[in-house]
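Undergrad: Please read through the structure below; I'll follow up with questions.
The values are calculated or read from the model by the stated rules, or taken from the named source; none is laboratory data. In this text the structure is predicted, and so the values were computed from the model without any measurement. Here the Cβ positions follow ideal geometry from the backbone for every residue, glycine too, while neighbour counts run over all protein chains shown. Only protein heavy atoms, including side chains, enter the accessible area calculation; ligands, DNA and RNA are left aside. Shrake-Rupley method; radii C 1.70, N 1.55, O 1.52, S 1.80 Å.
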Amino acid sequence: MKFEKIRIPPKGAKITVRNGVINVPDNPIIPFIEGDGIGPDIWKVTRKVIDAAVKKSYDSLKKIVWMQIHAGLSALQNYGNDDILPEDTLKAIREFKVAIKGPLTTPVGGFDYVCLVCAKEQNGKDGKRPEKCIKCGSEFITKRFRSLNVSLRQLLDLYACVRPVRWYKGVPSPVKRPDKLDIVVFRENTEDVYAGIEFQQDSPEAEKVINFLINIMGKNIREDSGIGIKPISVTGTKRLVRKAIDYAIQQNLPNVTLVHKGNIMKFTEGAFRDWGYELAKEEYRKEIITEQELWEKYDGRMPVDKILIKDRIADQIFQQVLLRPDEYSVLATPNLNGDYLSDACAAQVGGLGLAPGANIGDEIALFEATHGTAPKYTGMDKVNPSSLLLSGVLMLKYMGWNEAGIMIENALEKTIANKTVTYDLERQMEGAKKLKTSEFGDKIIKNM
Ligand code: NAP
């Protein structure tokens, strides 16, 4: 495989996937994207902590061989010409199967250009590209673009957004028993509102659709409506639910809950539930029972070694994760429900600063911090690296390197419980000591 600018490290080997089974050599090459804004600060610490945990867990038997790839600012610096997601990067992730990334700048809209150093969105004079950023003076300005995070997910078909949410001792929380929540959300990443088709109110397109609905389909709809269409397919649903059940089997978890709003939208949300059950019965008959079967055949007593498949209506699950969180382990959701639910769960255990994430497809997995680039803190060695670090933990577990992953989790928990934390947690914890990003990383290594 030839790359334009990427240098493949000579000492590493490729992770491969055959028939859905991952094969990890002892010296896997793992591509990383540092990310924009605070990305380099949190990446440096994440890499150091992961390397230390792997060394302590396996001595010199295993070692990750990191390989830098580029997106966002570093791509602009290395490739130029507004090429902020180079073909090299996509090729490398496809080839090496497992990768990790920091946050990337995403323009919100309304301007023609964006500075990738400070994220300031701006227009040039007379429609021309600004030579320097009007805020920070940098020359790394590029044309407005759509989210690189979304592009990566779509171009690599990473259809499952995986968000484990659990509490670490000592982290400030708004609920009484944050320890009861230990959930992994599998959110569908390619359809529902992500593939939504919209027509603006009063546009010729909206008018056409409304006429079609009223005159041809015989539906009732106000003529001054905006229109949104959200597709949910059998294919999209089944492959997502399959990933969720596979995960529950691998990690020995007791249940998978299909989350939907099927009482209102029968042919999308309700169908998500039906297709989910259908897949579970078709492909995992020996491993699962449904909640209906639990009562009809087992008198409510859960047989050992089976996974319970249940479903909950979306509004109800928000209550459930607050009132009875310990009854849920894996949630499988369509795109929009999962979006709300992952953040609501994260809020219970300390917020997004500590929430890891991954986007996973049939063969490829891309692990990432869930927060943004927080540009005002760039280069200050100040912010909390835990989200990216815990994404690294998720990656180690995905690779089957559980010992190293658990070692990091335990050391992180100890570091927070000792009240040695970065500014974001320090301001919420009485008597805590404020550490820089790098100092926090060193403390975690010491606590391993
Ligand atoms: P943000 O970067 O997530 O930052 C918002 C606030 O969250 C920060 O000001 C800070 O709060 C806190 N925060 C974020 N990361 C933190 C960390 N590691 N440690 C401690 N506190 C942290 O959101 P934003 O300012 O709305 O977005 C900035 C840029 O990032 C935008 O271009 C956005 O589109 C992009 N973004 C990218 C991703 C991604 O790559 N996955 C995700 C979201 C947003 P305080 O100010 O209170 O200290």
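Undergrad: Just add up the charged neighbours of A119: K/R +1, D/E -1, any other residue whose Cβ is under 13 Å from the Cβ of A119.
TA: Neighbourhood net charge equals +2.
Undergrad: Continuing with this model, one more query. In percent, how large is the relative contact order of segment 84-158, given Cα pairs closer than 8 Å and 6 or more residues apart?
TA: Working: 86 pairs, mean separation 21.5, N = 75.
Dividing the mean separation by the residue count of segment 84-158 yields 29 percent.
Undergrad: Net charge near R144: determine it from the other residues with C-beta under 12 Å of the C-beta of R144, scoring Lys and Arg +1 and Asp and Glu -1. If you can, show how the numbers build up before the last one.
TA: Details: positive: R129, K143, R146; negative: D82, D112, E121.
Within the 12 Å Cβ shell, the charges total 0.
Undergrad: Please work out the Cα center distance from segment 231-299 to segment 1-25, rounded to the nearest Å.
TA: Cα centres, segment 231-299 to segment 1-25: 34 Å.
Undergrad: Now, a different point. Show me the GluC sites (Glu not before Pro) within segment 342-448 that DSSP assigns to loop and that have at most 12 other Cβ atoms within 10 Å of their Cβ.
TA: Sites meeting the loop and neighbour criteria: E430.
Undergrad: Over the Cα atoms of segment 81-186, each weighted equally, I'd like the Debye log10 I(q)/I(0) at q = 0.10, 0.12 Å⁻¹, rounded to two decimals.
TA: Computed log10 I(q)/I(0) values: -0.48, -0.64.
Undergrad: How big is D for segment 192-295, in µm² s⁻¹ as a whole number, if Stokes-Einstein is applied with the Kirkwood radius of its Cα pairs at 20 °C and 1.002 mPa s?
TA: 133 µm²/s
Undergrad: Restricting to Cα pairs below 8 Å that are 6+ residues apart, what does the relative contact order work out to for segment 207-303? Please round to a whole percent.
TA: 21 percent
Undergrad: Number of Lys-Lys pairs in segment 90-217 under 20 Å by Cα, sequence gap 8 or more or different chains?
TA: Counting lysine pairs in segment 90-217 gives 11.
Undergrad: In segment 193-277, what trypsin sites (Lys or Arg not before Pro) fall in a loop by DSSP, with at most 15 other Cβ atoms inside 10 Å?
TA: Hits after loop and neighbour filter: K219, R222.
Undergrad: Over segment 1-147, what lengths in whole Å, largest first, do the semi-axes of the equivalent ellipsoid take, defined as the square roots of 5 times the eigenvalues of the alpha-carbon gyration tensor? Please list the in-between numbers first.
TA: Details: eigenvalues 241, 55, 28 Å².
So the equivalent ellipsoid measures 35, 17, 12 Å along its semi-axes.
Undergrad: Given segment 281-430 reduced to its alpha-carbon atoms as identical point scatterers, what log10 I(q)/I(0) does the Debye formula return at q = 0.08 Å⁻¹?
TA: The computed values of log10 I(q)/I(0) come out as -0.33.
Undergrad: Run the lone-cysteine check on the chain: no other Cys C-beta under 4.7 Å from the residue's C-beta.
TA: Cysteines lacking a close Cβ partner in the chain: C161, C345.
Undergrad: Considering only DSSP beta bridges whose two residues both sit in the chain, what percent are antiparallel, to the nearest 5?
TA: Looking only at bridges with both residues in the chain, the antiparallel portion is about 45 percent.
Undergrad: How many percent of the accessible area of segment 1-87 is carbon or sulfur, using a 1.4 Å probe?
TA: The C+S portion of the solvent-accessible surface of segment 1-87 is 46 percent.
Undergrad: Over all directions, average the projected area of the Cα convex hull of the chain and note it in nm².
TA: Hull-based average projected area comes out at 25.4 nm².
Undergrad: Run through the DSSP bridge list for segment 13-79 and note the antiparallel percent, rounded to the nearest 5.
TA: The answer is about 40 percent antiparallel.
Undergrad: Counting only C-alpha contacts under 8 Å and six or more residues apart, can you give the relative contact order of the chain as a whole percent?
TA: 20 percent
Undergrad: Where a Cα-Cα gap under 18 Å defines reach, which aspartates and glutamates qualify for K11, not counting those fewer than 8 residues away within the same chain?
TA: Qualifying aspartates and glutamates at Cα under 18 Å: D26, D51, D59, E95.
Undergrad: A further question follows. Segment 188-241: Rg/Rh from Cα coordinates, Kirkwood Rh?
TA: On the way: Rg = 13.8 Å, Rh = 12.5 Å.
For segment 188-241, the value is 1.11.
Undergrad: Which of K132, K414, K62 moves the most in a Gaussian network model of the chain with Cα springs under 10 Å?
TA: In this elastic network of the chain, the residue with the biggest mean-square fluctuation among K132, K414, K62 is K132.
Undergrad: Averaged over every viewing direction, what's the projected area of the C-alpha convex hull for segment 110-169? Give it in nm², one decimal, please.
TA: 7.0 nm²
Undergrad: Bin width 10 Å, origin at 0, all Cα-Cα pairs of segment 67-131: what percent of pairs per bin?
TA: All Cα pairs, binned at 10 Å, distribute as 20, 45, 26, 9, 1 percent.
Undergrad: Let me check I've understood the local charge: for F212, count other residues with C-beta under 14 angstrom from its C-beta, Lys and Arg +1, Asp and Glu -1. What total comes out? Can you show the working numbers first?
TA: Numbers: positive: K208, K219; negative: E205, E207, E223.
Computed value for this residue: -1.
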